[in-house]
Amino acid sequence: MKRLLFHIICLLLCCSPAFAGGRGVPRIGIDWGYGMEVYRYWNLIYLDSEMGYVVQDQDSEVPARPYAYCSLSVGFEPTSWMGLSAFSGIMGVSKDRLLVPLGLQTNISPRGNAMSGPIFILAGGIAFNTDFSYSKAAFGTLGAGWRFSLNDAWNLDLLLRSRILRDSPPIWDEENRNYVEKSLIRKDYTLIGSLEFGIAISF
C-alpha cells in the first residue's frame, strides 16, 4: 500500500498543468456510492482482560456486508487524457465501521478528459478513525467505468471498483462482552476486499 501511495505522489509532483492539452485550473469532484464487503481475513492476538492468557484468533469469511461512501476531491489535469486529485470524505468498511480516507487518485480517459468514453482509476491512501485519531488503515483501489461529458466543464462518471483495505479495527471480546483495551493487543491485522459501484461528478 505504501509503495502504491508513493508512486501516485510521484505522479502528482512530476506532472504539471503546463503539459500540452492540460487544464490549467483546479477540478473539483464529488464521488458517492455503495459497496459490498466480499472477503475478510483477520489475525488477532491479545491478552484476556480477566485471566491474562493469550488469545489468538485467525480466520477468514465471505461476509457480503454492504456499506456506503462519499468523498470530495480537488485536482488538476496535467494532460488531455489524465486527471490527478487528492480526496477525503467518509469511507465505509462495513455496516458498523467508518473511516476518514486521505488519498490520491489517478484517472485515465483514453478518449480525452472532456469526451464521453471509458475511464480507468487507480487510487490509494491511508485512513483515520472518524474522530480523526490515528489508525493503521491503508487502502488501494482499482476501477473502471464510463464518462459522460455533460458540457465543456462538467463530467459524470459511472464507476465499478475493487478495493483492498488493511485495517486494525477495535477487537470485540465475545467471552467478556467488551472491547479489548489497546494495551492488551499484541497483533491486530485485518485484510478486507470489497466491490463498489458509484457516481462521480467533476467540474
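Hey, among the residues in segment 64-89 that are closer than 21 Å to Leu195 by Cβ and surrounded by 15 or more Cβ atoms within 10 Å (Cβ to Cβ), which one's farthest from the chain's Cα centre (by Cα)?
Arg65
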Among the residues of segment 48-60, which ones are open to solvent by 40 Å² or more (accessible area, probe 1.4 Å) and assigned to a strand (DSSP E or B)?
-> Val54, Gln56, Asp57, Gln58, Asp59, Ser60
Which number in (1) among the polar types (S, T, N, Q); (2) surrounded by fewer than 17 Cβ atoms within 10 Å (Cβ to Cβ); (3) over 15 Å from Ser71 (Cβ atoms) marks the one condition that Ser149 misses?
-> (2)
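For the condition modelled with pLDDT of 95 or more, closer than 19 Å to Gly75 by Cα and acidic (Asp, Glu), what is the one hit in Asp157, Asp167?
Values: Asp167 fails: closer than 19 Å to Gly75 by Cα.
Criteria check complete, one pass: Asp157.
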Return the total of residues in segment 21-47 being exposed (fewer than 13 other Cβ atoms within 10 Å of the Cβ) and touching an Asp or Glu at 6+ places or on another chain (Cβ under 6 Å).
-> 0
Determine which single condition Ser88 fails, assuming it passes every other condition in (1) closer than 23 Å to Leu165 by Cα; (2) touching a residue at least 24 places away in the same chain (Cβ under 8 Å).
-> (2)
Might you check whether a residue that is under 17 Å from Arg161 (Cβ atoms), over 14 Å from the mean Cα position of the chain (by Cα) and part of a loop (DSSP other than H, G, I, E, B) occurs anywhere in segment 120-132?
-> no
Yes/no for Ser94 being of a type in the set (Ser, Thr, Tyr), buried (at least 16 other Cβ atoms within 10 Å of the Cβ), farther than 30 Å from Glu50 by Cα and within 14 Å of the chain's Cα centre (by Cα) | no
Limited to segment 175-186, what total is found for residues that are in a strand (DSSP E or B) and exposed (fewer than 14 other Cβ atoms within 10 Å of the Cβ)?
-> 3
Of the residues in segment 161-174, those that are part of a strand (DSSP E or B) and either closer than 24 Å to Leu122 by Cβ or of a type in the set (Asp, Glu) (or both) come to Arg161, Ser162, Arg163, Ile164, Leu165, Arg166, Asp167, Asp173
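Looking at Arg166, Arg147, Arg111, Arg161, can you tell me which residue is under 23 Å from Gln58 (Cβ atoms) and among the charged types (D, E, K, R)?
It is Arg166.
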May I ask you to list pairs of residues, at least six apart or on different chains, whose Cβ atoms are under 7 Å apart, with the first in segment 117-128 being within 7 Å of Pro101 (Cα to Cα) and the second being among the polar types (S, T, N, Q) and surrounded by fewer than 18 Cβ atoms within 10 Å (Cβ to Cβ)?
-> Ala127/Ser135; Phe128/Ser135
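The values are calculated or read from the model by the stated rules, or taken from the named source; none is laboratory data. Not measured: the values here are computed from a predicted model. Using ideal geometry, Cβ is built from the backbone for each residue, glycine included, and neighbour counts are taken over all protein chains shown. For accessibility, only protein heavy atoms count, side chains too; no ligands or nucleic acids. Shrake-Rupley method; radii C 1.70, N 1.55, O 1.52, S 1.80 Å.
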